[in-house]
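Here's the structure, in structure tokens; my notes come after.
The values are calculated or read from the model by the stated rules, or taken from the named source; none is laboratory data. All values reported here derive from a predicted model rather than from experimental measurement. All Cβ positions, glycine included, derive from the backbone under ideal geometry; neighbour counts span all protein chains shown.
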Amino acid sequence: MDDIADTQRLLRESIRRYVEKEVTPKAAAWEAQGYVPREVLREMGRLGFLGLRYAEEYGGGAMDARATALLAEELGRSTCGGFAITVLVHTDMASPHLVYAGSPAQLRKHLPGIVSGERIAAVAVTEPDAGSDVKSIRTSARREGAEWVLNGAKMFITNGALADLYFVAARTEPGAGSKGISMFIVEKGAPGFSVGRTLEKMGWRSSDTAELVFDDCRVPAENLLGEEGRGFYAIMRNFQNERIAIASMAMGEAAKAIELTLEYVKTRKAFGAPLWYKQTIRQRLSMLAAKVEAGRQLVYHAASLDAAGRDCVKEVSMAKAFCAELLNDVVYDCLQFHGGFGYIRDSAIERMYRDARVQSIGGGATEVMLEEVAKRL
């Protein structure tokens with residue numbers, strides 16, 4: 001086995017052991033309290049899981065998009081989507097903005113704490129009237145001397161209440177469309193910045209999700225992240241990474257749902273025999289397993305193209321759309337095969353069923369993904 005494959009195998013085994021021992025047994029408690037404890041991210045930082053793709057000088061593993069896919073898949077197997085997305089926003093949706101565009105001083109200041117899990121990161125793009133249509137954001141930023149002043153609100157921000165560090169998209173040039181958006185670093189405690197409501201959700205209940213409010217929020221001029229007016233392009237660039245993570249997470253969840261259902265139908269008896277002896281159930285689960293394997297390979301292919309520096313928007317968009325929709329098909333049937341037990345609150349399959357629904361919405365709705373594919377056919 002080559003060095004890369006061997007490293008990936010060992011990493012997968014390490015993450016899976018951690019998830020099975022330290023995450024899955026605690027999922028119900030985290031769901032009830034509405035967030036993942038900060039100490040969990042600190043421990044994952046100590047284990048080296050939070051900076052897989054970042055430079056070794058900051059404590060990272062210097063790996064590529066295939067590490068994102070591997071991490072996301074194993075976190076998805078936890079049966080707790082709220083936990084998985086908490087970590088993945090930190091590692092692969094928020095902090096890449098710093099790594100891609102940050103100055104040496106910004107990297108030295110912020111990245112070690114992100115990799116260690118001492119500082120939780122969030123990305124703030126979505127607004128009440130602007131989701132997948134990033135060009136429509138209204139949060140503004142104007143320059144006043146040595147400061148930028150931000151005004152507006154963000155919605156559906158994962159890690160919104162617990163984060164220490166926010167990467168915020170704001171309009172710096174009115175009327176300039178995509179060319180008028182810039183990114184900023186906003187630290188918790190900045191004057192004029194506050195967390196609004198924490199949001200109750202159908203699923204991902206252990207994921208802290210909140211509104212953010214910027215009311216003449218002042219940040220130093222050096223908190224501009226990257227070039228002024230290049231924020232839209234930074235967001236588009238990182239969408240590929242984000243969508244690989246969500247697609248791979250979905251396949252981890254789907255594979256685990258099938259495993260749980262196989263365990264159940266092989267022991268649950270109905271009409272004198274285990275459900276596994278019903279041909280329809282066997283064949284349906286077999287076809288779902290085949291589709292999940294196809295989805296995994298599609299994600300791996302997209303991640304490999306990204307790792308090679310090739311244009312992979314079409315493949316990533318395909319993976320995001322296919323895997324998110326497939327996950328919903330899988331958990332629907334898996335809950336059905338669990339019967340009444342699958343409908344009981346806080347059973348693993350019930351939680352996974354609720355968690356799955358948002359994955360065809362967040363990170364780019366399926367319809368948006370299919371339009372991206374259509375442009376490139």
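Kindly indicate whether Asp311 is out of contact with any strand residue (DSSP E or B) (no Cβ under 9 Å at 6 or more places or on another chain) and under 19 Å from Thr366 (Cα atoms).
On the way: out of contact with any strand residue (DSSP E or B) (no Cβ under 9 Å at 6 or more places or on another chain): yes; under 19 Å from Thr366 (Cα atoms): no.
No, not satisfied.
Do we have any residue at all in segment 203-218 that's free of Cβ contacts under 8 Å to residues at least 12 places away in the same chain and in a loop (DSSP other than H, G, I, E, B)? First the steps, then the outcome.
Going residue by residue through segment 203-218, those that are free of Cβ contacts under 8 Å to residues at least 12 places away in the same chain are none.
No, segment 203-218 contains no residue that is free of Cβ contacts under 8 Å to residues at least 12 places away in the same chain and in a loop (DSSP other than H, G, I, E, B).
For segment 86-94, does any single residue satisfy the condition of being buried (at least 24 other Cβ atoms within 10 Å of the Cβ), within 11 Å of the chain's Cα centre (by Cα) and within 14 Å of Val186 (Cα to Cα)?
yes
Out of all the residues in segment 173-191, which are out of contact with any helix residue (DSSP H, G or I) (no Cβ under 6 Å at 6 or more places or on another chain) and of a type in the set (S, T, N, Q)?
Residues of segment 173-191 out of contact with any helix residue (DSSP H, G or I) (no Cβ under 6 Å at 6 or more places or on another chain): 174-176, 179-180, 186-191.
None - no residue of segment 173-191 is out of contact with any helix residue (DSSP H, G or I) (no Cβ under 6 Å at 6 or more places or on another chain) and of a type in the set (S, T, N, Q), so the list stays empty.
So which residues in segment 317-368 are under 14 Å from Ala254 (Cβ atoms) and at pLDDT below 95, if there are any at all?
The answer is none; no residue qualifies.
Where in segment 25-91 are the helices (runs of 4 or more DSSP H), entirely inside, with at least 3 residues that are farther than 20 Å from Glu118 by Cβ? Give the derivation first.
Values: elements: 27-33, 38-46, 65-76, 81-88.
Hits in segment 25-91: 27-33, 65-76, 81-88.
Only one of Glu242, Glu228 is part of a helix (DSSP H, G or I), of a type in the set (Asp, Glu) and either surrounded by 14 or more Cβ atoms within 10 Å (Cβ to Cβ) or outside the structural domain of Asp164 (by TED's automatic domain parsing) (or both). Can you tell me which? Break it down stepwise before answering.
Values: Glu228 fails: part of a helix (DSSP H, G or I).
The conditions single out Glu242.
Out of Ala161, Ala146, I need the residue that is modelled with pLDDT of 95 or more and exposed (fewer than 15 other Cβ atoms within 10 Å of the Cβ). Which one? Working first, answer last.
Working: Ala161 fails: exposed (fewer than 15 other Cβ atoms within 10 Å of the Cβ).
None of the other options fit; the residue is Ala146.
Can Val195 be described as hydrophobic (A, V, I, L, M, F, W, C), outside the structural domain of Met352 (by TED's automatic domain parsing) and touching a residue at least 40 places away in the same chain (Cβ under 8 Å)? Working first, answer last.
Details: hydrophobic (A, V, I, L, M, F, W, C): yes; outside the structural domain of Met352 (by TED's automatic domain parsing): yes; touching a residue at least 40 places away in the same chain (Cβ under 8 Å): no.
No.
Name the pairs whose Cβ atoms lie under 7 Å apart, with the first residue in segment 246-271 and crowded, with 17+ Cβ neighbours inside 10 Å, the second outside any helix (DSSP H, G or I) and β-branched (Val, Ile, Thr), and 6 or more positions between them or separate chains?
Pairs found: Lys256/Thr79.
Take segment 97-108 and flag every residue that is assigned to a loop (DSSP other than H, G, I, E, B) and surrounded by 18 or more Cβ atoms within 10 Å (Cβ to Cβ).
Selection gives Gly102 alone.
Which residue is nearest to the chain's Cα centre (by Cα), if the candidates are limited to segment 226-249 and must be of a type in the set (D, E, K, R) and more than 17 Å from Leu70 (Cβ to Cβ)?
Arg237
Taking Ser14, is it crowded, with 17+ Cβ neighbours inside 10 Å and either at pLDDT below 95 or farther than 22 Å from Leu212 by Cβ (or both)?
Working: crowded, with 17+ Cβ neighbours inside 10 Å: no; either at pLDDT below 95 or farther than 22 Å from Leu212 by Cβ (or both): yes.
Answer is no for this residue.
Answer yes or no as to whether Glu222 is within 29 Å of Leu111 (Cβ to Cβ), part of a loop (DSSP other than H, G, I, E, B) and modelled with pLDDT of 95 or more.
Working: within 29 Å of Leu111 (Cβ to Cβ): yes; part of a loop (DSSP other than H, G, I, E, B): no; modelled with pLDDT of 95 or more: yes.
Criteria not met by Glu222.
Take the residues in segment 109-141 that are aliphatic (A, V, I, L, M) and surrounded by fewer than 22 Cβ atoms within 10 Å (Cβ to Cβ), then tell me which one is nearest to Met236 (Cα to Cα). Walk me through it before giving the result.
Just the residues of segment 109-141 that are aliphatic (A, V, I, L, M), to begin with: 111, 114-115, 120-125, 130, 134, 137, 141.
Subset that is surrounded by fewer than 22 Cβ atoms within 10 Å (Cβ to Cβ): 130, 134.
Values: Ala130: 15, Val134: 9 Å.
So, considering only residues that are aliphatic (A, V, I, L, M) and surrounded by fewer than 22 Cβ atoms within 10 Å (Cβ to Cβ), the one nearest to Met236 (Cα to Cα) is Val134.
Could you tell me whether segment 156-178 includes any residue that is of a type in the set (S, T, N, Q), closer than 28 Å to Ala55 by Cβ and not assigned by TED's automatic domain parsing to the domain that holds Trp30? If you could, list the steps in order and put the result at the bottom.
If we filter segment 156-178 for residues that are of a type in the set (S, T, N, Q), which is where we start, we get 158-159, 172, 178.
This time we only want the ones that are closer than 28 Å to Ala55 by Cβ, so: 158-159.
Filter once more, so that each one left must be not assigned by TED's automatic domain parsing to the domain that holds Trp30: 158-159.
Yes, the conditions are met somewhere in segment 156-178.
Within segment 315-332, identify whether any single residue is surrounded by fewer than 20 Cβ atoms within 10 Å (Cβ to Cβ), of a type in the set (Lys, Arg), in contact (Cβ under 8 Å) with a residue 24 or more places away in the chain and under 26 Å from Val23 (Cα atoms), and answer yes or no. It would help to see each step written out before you state the result.
Pass one, segment 315-332, residues surrounded by fewer than 20 Cβ atoms within 10 Å (Cβ to Cβ): 325, 328-329, 332.
After this cut, where a residue has to be of a type in the set (Lys, Arg) as well, the list is none.
Looking through segment 315-332, none of the residues is surrounded by fewer than 20 Cβ atoms within 10 Å (Cβ to Cβ), of a type in the set (Lys, Arg), in contact (Cβ under 8 Å) with a residue 24 or more places away in the chain and under 26 Å from Val23 (Cα atoms).
Scan segment 249-286 for residues that are in contact with a Cys (Cβ under 6 Å, 6 or more places away or on another chain) and over 12 Å from Phe337 (Cα atoms) and report the count.
To start, the set of residues in segment 249-286 that are in contact with a Cys (Cβ under 6 Å, 6 or more places away or on another chain) comprises 250-251, 257, 261.
Restricting the remaining residues to those that are over 12 Å from Phe337 (Cα atoms) gives 250-251.
So the answer is 2.
Report, by residue number, each residue of segment 167-179 that is in contact with a Gly (Cβ under 8 Å, 6 or more places away or on another chain) and assigned to a strand (DSSP E or B).
Pass one, segment 167-179, residues in contact with a Gly (Cβ under 8 Å, 6 or more places away or on another chain): 169-174, 176, 179.
Of everything in segment 167-179, those that are in contact with a Gly (Cβ under 8 Å, 6 or more places away or on another chain) and assigned to a strand (DSSP E or B) turn out to be Ala169, Ala170, Arg171.
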